[in-house]
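Reading through the structure tokens given below for one structure.
What follows is calculated from the coordinates using simple rules that are stated; it is not laboratory data. Since we're looking at a predicted model, the values are computed, not measured. Because the Cβ atoms are built from the backbone with ideal geometry, glycine has one as well, and the counts that use them run over all protein chains shown.
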Amino acid sequence: MPDDPDDLDARFAELVAQFDDPDDVADRGELIEGSRTGAAPTVDLGDPDDPDPTAGRYVSGYRDPLADDDEPFVPPTPPPLPRGTKRTRWGWAGAVGCPIGYFLLWGTGRQPDSFTMLLLAAGFVGGAAVLVAGMRTTAPGDDEDDGAVV
């Protein structure tokens, strides 16, 4: 292939000119029959008078050949959510319940005294601390394996 840029531009222009000419490509046998010659590809739909509607191929939609049409798929019921320990339930109650309690007091127009504010703040901080302390540092079943041994 020549290194002259003018030759490369001329060759590119020639390729682009051949792009829209299907006769040139068909002469070389590179055209798939029915794709650009104007002839539509044929699809066997089976006999239209056949009483079996599943005969032939479906064109408009997908039909799973392995699916049994008599029994629809019903997923299994999921396992119940874990209830958690009493410690985590108290932690969530403090971390979520104390701010909700403050906003309920604020929304009703009551001014909480300093002792109530201290209890709400301590409950929030304590609940958050309980939840953070109960977090796992390793995955369950992880036996401190460092990987493959070569």
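So which residues in segment 76-110 are in a helix (DSSP H, G or I), hydrophobic (A, V, I, L, M, F, W, C) and without any contact (Cβ under 8 Å) to a residue 12 or more places away in the chain, if there are any at all? Before the answer, list the steps.
First, the residues of segment 76-110 that are in a helix (DSSP H, G or I): 86-107.
Those still in the list that are hydrophobic (A, V, I, L, M, F, W, C) too: 90, 92-93, 95-96, 98, 100, 103-106.
The answer is Ile100, Phe103, Leu104, Leu105, Trp106.
Condition test on Leu131, is it surrounded by fewer than 14 Cβ atoms within 10 Å (Cβ to Cβ), part of a helix (DSSP H, G or I) and not hydroxyl-bearing (Ser, Thr, Tyr)? Taking the combined requirement at face value, the residue does not satisfy it.
What residue, among those in segment 74-99 that are among the β-branched types (Val, Ile, Thr) and surrounded by 10 or more Cβ atoms within 10 Å (Cβ to Cβ), is nearest to Ala133 (Cα to Cα)?
Applying the filter and picking the extreme gives Thr88.
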